[in-house]
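Below is one structure; the comments refer to it alone.
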Amino acid sequence: MPRYFFDIDDGQFIADKDGLDLPGPADAREQTKQVLGELALHLLDERDFAQLSVEVRDSGGRRMKGTLVMMIENIT
């Protein structure tokens with residue numbers, strides 16, 4: 001089973017040193033969505049704007065990147 005590493009950048013880069021064993025790229029894509037959603041909820045508790053990215057790499061060197069930009073603003 002391939003190992004995928006999920007490096008996070010929310011203004012501060014955090015490299016995933018452990019990784020996660022997943023069956024394949026589709027599963028890594030779903031995990032990326034989950035990670036982005038959880039991070040967005042956490043960050044929006046602290047601020048009204050969040051730009052997040054998760055770069056996924058596998059042990060074979062293949063990469064994909066998920067990016068999410070969220071903003072909460074008052075409209076009067």
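Calculated accessible area for the chain comes out at 72 Å² per residue, all protein chains present (probe 1.4 Å; ligands, DNA, RNA ignored). With a Förster radius of 35 Å applied to the C-beta separation of VAL69 and ALA26, the computed FRET efficiency comes to 0.90. Computed from Cα atoms, the angle from the helix 25-46 axis to the main principal axis of the chain rounds to 30 degrees. Gain on full extension, evaluated as 0.36 nm per residue between LEU44 and GLN12 minus their Cα-Cα distance, stands at 10.0 nm.
For region 27-76, which whole-number percentage of the solvent-accessible area (1.4 Å probe, protein heavy atoms only) is attributable to carbon and sulfur atoms? Exposed carbon and sulfur together represent 47 percent of the surface.
The values are calculated or read from the model by the stated rules, or taken from the named source; none is laboratory data. Given the structure is predicted, the values throughout are model-derived calculations rather than measurements. Reconstructed Cβ throughout: ideal geometry from the backbone, glycine too, with neighbour counts over all protein chains shown. We work out accessible area using only protein heavy atoms, side chains counted, and drop any ligands, DNA or RNA first. Shrake-Rupley method; radii C 1.70, N 1.55, O 1.52, S 1.80 Å.
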